[in-house]
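Only one structure is covered here, and it is reproduced in the block below.
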There are 2 protein chains.
Amino acid sequence: MPNEAHMKAALQAYIDAYNRNDLEAVLSLYDDNATVEDPYGTLPKQGKEAIADFYGSAMANGATLELAAPIRASHGDSAAMAFDAVVNLPQGQVRVRVIDVMTFSDAGLITSMRAYFGPSDIEVPEANQSSAS
Amino acid sequence: MPNEAHMKAALQAYIDAYNRNDLEAVLSLYDDNATVEDPYGTLPKQGKEAIADFYGSAMANGATLELAAPIRASHGDSAAMAFDAVVNLPQGQVRVRVIDVMTFSDAGLITSMRAYFGPSDIEVPEANQSSAS
C-alpha cells in the first residue's frame, strides 16, 4: 500500500501540474487502467487515452485549482482533498467547490479518481446568475 | 435520488448534532443498514447498533467538528465535506483533519460513510509530539 506521504505528494503534484497546464505530468500520476469519475454520478472515463481526452478538455477551460484545506491521506489506499476550481472571466470569477478522492495502486499510481461537486457547488458572477423566482 | 440541498442539509445536521452531543440525532440521519468506515482502511461498522456503539465512543472524546470548507454535493447520490475534529486538552489542542464522504438512499438517509484521514492528519500539541529523528 502506498504510504501517506507519497499519496499527499501525488495530490499536490496533481494540483501543481494542472495549474501549469502540464497534461503529461497529470497523466503520469495515473495508472494505465485508471478510472476518472468527474463529476461523481456520471459515467467514469477509463484508461489513459480517455483520461487524456478528459484532461485536455478540462484544462482548456483555464481553471486554477486552489486547495481549500490541507490534503488528507487515510489508513488505506486513498487520499482526498477539498479545492476550488477557479476560472476568471471578463464578467467575474466562476468558482467550483470540489472534493476529489483518489485511490492508489501499490506502485503509487492513481487507480481511481472521483470528483464530488454538484450544480449547487458552482458559484457564478452575480450578473450571470439566472433569476430564481 | 436525494437532491443536493437535502444532502447538504443532512451533513450540516450531522455536524450540529455531533457538536451538541446528540447521539439520537446523529443516528436518525442513518439508514438502518448503513455502513460506517471510519477511518477508511478499517473494517466498516454495519447497522444501527454497531453505528450507535461507534458514535457513543467517538462522542465521549469530546471533539468539536469544524467545517474546513463548504459542504459539497454531487451529480449523484453522495455528498462530501472537509472538517477538523478538534479536542481541547489541558496540554493543548488536538486537531484531526478529515474528509467524510456519505452516500444517500432515495429516502434521503445515509447508507454509507467513509472518513478519510491518516496518522499524518492528526496534529498534536508540540509537547506531545514524539521526537522524530
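A few remarks follow.
- Residue check for residue A:3: away from chain B (no Cβ under 11 Å), exposed (fewer than 14 other Cβ atoms within 10 Å of the Cβ) and polar (S, T, N, Q): no
- Whichever residue in the range B:81-115 is touching a helix residue (DSSP H, G or I) at 6+ places or on another chain (Cβ under 8 Å) and at the interface with chain A (Cβ under 8 Å from one of its Cβ atoms) and, among such residues, is surrounded by the fewest Cβ atoms within 10 Å (Cβ to Cβ): B:97
- Among the residues of the range A:64-74, those that are surrounded by fewer than 24 Cβ atoms within 10 Å (Cβ to Cβ) and more than 7 Å from chain B (Cβ to nearest Cβ) comprise A:64, A:65, A:66, A:67.
- Here residue A:77 meets the list (1) more than 23 Å from residue A:6 (Cβ to Cβ); (2) surrounded by 14 or more Cβ atoms within 10 Å (Cβ to Cβ); (3) among the acidic types (Asp, Glu) almost entirely, failing just condition (1).
- Qualifying strands (runs of 3 or more DSSP E) (wholly inside the range A:21-133; at least 2 residues being touching a strand residue (DSSP E or B) at 6+ places or on another chain (Cβ under 8 Å) and over 19 Å from residue B:114 (Cβ atoms)): A:30-37, A:64-67, A:78-89, A:92-104
- Among the criteria (1) in contact (Cβ under 8 Å) with a residue 12 or more places away in the chain; (2) buried (at least 16 other Cβ atoms within 10 Å of the Cβ), the one residue B:46 does not fulfil is (2).
- Residue match in the range A:13-29 (condition: within 14 Å of chain B (Cβ to nearest Cβ), of a type in the set (A, V, I, L, M), within 23 Å of residue B:80 (Cβ to Cβ) and in contact (Cβ under 8 Å) with a residue 12 or more places away in the chain): no
Only the coordinates and a few stated rules stand behind these numbers; no lab work does. Please read these numbers as outputs of a predicted model, since none were measured by experiment. We place every Cβ from the backbone using ideal geometry, glycine too, and count neighbours over all the protein chains shown.
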